[in-house]
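Worksheet for the structure shown next.
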Amino acid sequence: MGKKKSLNNIYYHLPVWLQNVLISAYGLYINQIRHGKKFHQALEKVESNLALSSVEFDQYLVDQLRDLVGLAKAHVPYYRERFKEIEPQQFQTLADIEKLPLLEKQSIRENPLDLVDEREDPEKLHVIHTTGTTGTPLNIYCTAEARKLNYAFFSRYLHQVGVTYKDSRVTIGGRIVVPSWQERPPFWRNSYFQKNHLFSSYHLSDKWLPFYIDQLKSIKPSYIDAYPSSVYTIAKYADDHDNSLSGITEAVVTSAETLYENQRALIEKQFDCRVYDQYGAAEMCVFIAQCEHGSYHVHSDCAIVEFLDENAKPAAAGEEAEVVCTGLVNRTMPLIRYRIGDKVVVGDNNCKCGSHFPTVERVIGRCDDYILTPEGNKIGRLSPVLKGFPVKEAQYRQSIVEEVDVLLVKDVGYGETTENEIVNELAKRLGNKIIINVKYVDKIERSKGMKLKSIVSNLK
Ligand SMILES: [Zn+2]
């Protein structure tokens, strides 16, 4: 971890033009991971799934499930004992998935390699570090092919939105592309080969928003890929100042936070285009995204997703339910009936678009607050900060603007310098004016519905 962080620190002190060169070079590498060999094959395959009839599609999923269970039982240590009494032939319909036990996040965290296909050499696999939506750090092992397949599902979705993965975009997400101490534009960097303009989410204050808007007007990206709170902040400012954003872009794609109805309405009005919200996970085991009619659909050929009530039985339409995922993308580390920790309101599977994909009325998993900094910035998503740190759980609490409390549950490997490293990472996002108090606890209290809230704001 130390190496990556110090590379970042060097990056922040380079001149802007050199940062652009580095970001472009990194973009080339990312393109290779996403679109290199086998991507086009994968995209063709997943696109062709859309042409299957409803019966064919269900059969396809049952075949996939049977295959995955067989593979897990034969080659994955974690499942060997647990699937002892289970035979792949027992799976005749999707409902048979209930025969399988649930997988807890804790099991993945404690012994991730136990879930990896023993025929693979972990050293040669890609490792994805994630904190998920609940703040629990996890390591996910996968092959290069799995990442391409995963990206093929997202690219198929972009087609539905009306753009392609090759089109130009503006990204306003969690990555720190501009150091927090920078106090004049540009608050964006360019990834040349990806045609991606990365905007900072951490400088969206009234003082700088006019620069953001001018830059958007000059770039005119095919689509904007953003956190809801970030693109909403821009739309709100434009609305307050009678500045129309019409004609800037063809679509706004949001993810990673809950998109509220008032946010959607204002973004669509101000940008004069549709907002497409989607919900995925770094674990590559769920993909739920809005169609052109505004319904959230489960892309079930990417992952079979169940919605369970309190008794672990399928919930009915209109009910609040827990999301349980069986990923079909990452067969190297099969996550079968994985309790990802999010909730939805189940849909009635009726949508004008005619898709076979089941619907969700609403994703309620990630209702999070934000931290307000003394500079007036609202910082919404802090869970990426702890990626790779030896921390079991975390929560940020704020009662006054000048201070934020960080509650941490330490994990093995938490050393003397860890606290400083974490505080430094946080300061990059929250700025240097806020006081960061680290507090150690044994456990973080859950809010109603078992959800660990990442940010608790008690600001008046
Ligand atoms: Zn639809």
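Please treat every number below as a calculation from the coordinates, not as lab data. Computed from a prediction, not measured in an experiment: that's the story for all the values here. Glycine gets a Cβ as well: all are built from the backbone with ideal geometry, and neighbour counts include every protein chain shown.
Going by average Cβ neighbours within 10 Å, how do the peptides 428-437, 150-159, 310-319 rank, with the highest at the top?
Per-residue mean Cβ counts within 10 Å order the peptides as 150-159, 428-437, 310-319.
Using only C-alpha positions, report the orientation-averaged shadow area of the convex hull of the range 156-280, nm², one decimal.
About 7.2 nm², averaged over all directions.
Placing unit charges on C-beta atoms (Lys and Arg positive, Asp and Glu negative, everything else neutral), compute the dipole magnitude of the chain about its Cα centre in debye, rounded to 20.
Rounded to the nearest 20 debye, it is 1200 debye.
Based only on other Cβ atoms within 10 Å, what is the fewest-to-most ordering of ASP67, ASP301, ASP242?
Details: ASP67 14, ASP301 22, ASP242 6.
Taking fewest neighbouring Cβ atoms as first place, the list is ASP242, ASP67, ASP301.
Just to confirm the number: angle between the C-alpha axis of helix 209-219 and the first principal axis of the chain, 0 to 90 degrees, nearest 10?
So the inclination is approximately 60 degrees.
Would you mind counting up the charge near SER48? Only other residues with Cβ under 14 Å from its Cβ, with Lys and Arg at +1 and Asp and Glu at -1.
-2
Give a residue-ordered list of calculated ³J(HN,Hα) values for the range 232-241 (Karplus: 6.51 cos²θ - 1.76 cosθ + 1.60, θ = phi - 60°; whole Hz; x for Gly, Pro).
The phi angles translate into 5, 4, 5, 4, 5, 4, 4, 5, 4, 10 Hz.
Taking amide H positions as placed in the peptide plane 1.01 Å from N, state which residues far from LYS392 in sequence (5 or more) or on other chains have amide H under 5 Å from it.
Residues meeting the amide H criterion: VAL409, LYS410, ASP411.
Search the structure for amide H atoms under 5 Å from the amide H of ILE364, placed 1.01 Å from N in the peptide plane, and list their residues when 5 or more places away or on another chain.
LYS343, VAL344, VAL345
Using only the Cα atoms of the range 102-194, each taken as one equal point scatterer with no solvent, compute I(q) by the Debye sum, divide by I(0), and report log10 of the ratio at q = 0.12, 0.17, 0.20, 0.22 Å⁻¹.
Ignoring solvent entirely, the Cα scatterers give -0.65, -1.04, -1.12, -1.16.
Treat each spin label as a single point 7 Å out from the Cα along the C-beta direction, and report the ALA316 to VAL401 distance in nm.
Reported label-point gap for ALA316 and VAL401 is 4.9 nm.
Over all distinct alpha-carbon pairs, what is the Kirkwood Rh of the chain in angstrom?
For the chain, the Kirkwood estimate is 23.2 Å.
Which semi-axes, in whole Å and largest first, does the equivalent ellipsoid of the range 153-195 have when worked out from the alpha carbon gyration tensor as the square roots of 5 times its eigenvalues?
Over the Cα atoms of the range 153-195, the ellipsoid semi-axes are 27, 11, 8 Å.
Near the amide H of LEU335, under 5 Å away, which other amide H atoms are found, from residues 5 or more places off or on another chain, if H is placed in the peptide plane?
Residues meeting the amide H criterion: GLY327.
Evaluate the charge dipole of the range 1-143 about its Cα centre and quote only its size in Debye, nearest 20, assuming +1 on the Cβ of each Lys and Arg and -1 on the Cβ of each Asp and Glu.
800 debye
Between SER6 and VAL412, what's the calculated FRET efficiency when r is the beta-carbon distance and R0 is 22 Å? Round to 0.05. Numbers along the way, then the final one.
Numbers: r = 23 Å, r/R0 = 1.05.
Efficiency, from the Cβ-Cβ distance: 0.45.
Hey, what do the phi angles of the range 286-291 turn into as Karplus ³J(HN,Hα) couplings, whole Hz, using 6.51/-1.76/1.60 and θ = phi - 60°, x for Gly and Pro?
Running phi through 6.51 cos²θ - 1.76 cosθ + 1.60 with θ = phi - 60° gives 6, 8, 10, 8, 7, 8 Hz.
Which aspartates and glutamates have a Cα lying under 20 Å from the Cα of LYS166, excluding residues fewer than 8 positions away in the same chain?
Hits, sequence-local ones excluded: GLU44, GLU47, GLU145, ASP225, GLU250, ASP277.
Using every pair of alpha-carbon atoms in the range 194-353, split the distances into 10 Å bins beginning at 0 and state the percent of pairs per bin, rounded to integers.
So the P(r) values, bin by bin, are 10, 33, 29, 20, 8, 0.
Add -39500 (n - 2.57) for each DSSP H run of 4 or more in the chain, then divide by its residues: what number comes out at 222 nm, to the nearest 500 deg cm²/dmol?
-10000 deg cm²/dmol
Straight-line reach from LYS84: which lysines have Cα under 18 Å away, leaving out those fewer than 8 places along the same chain?
Counting by Cα, and skipping residues close in sequence, LYS84 has these lysines nearby: LYS73, LYS99.
Which of GLY354, ASN139, CYS285 sits farthest toward the positive end of the charge dipole of the chain, with +1 on the Cβ of Lys and Arg and -1 on the Cβ of Asp and Glu?
Result: ASN139, furthest along the dipole toward the positive end.
Hey, what do the phi angles of the range 419-425 turn into as Karplus ³J(HN,Hα) couplings, whole Hz, using 6.51/-1.76/1.60 and θ = phi - 60°, x for Gly and Pro?
4, 4, 4, 5, 4, 4, 4
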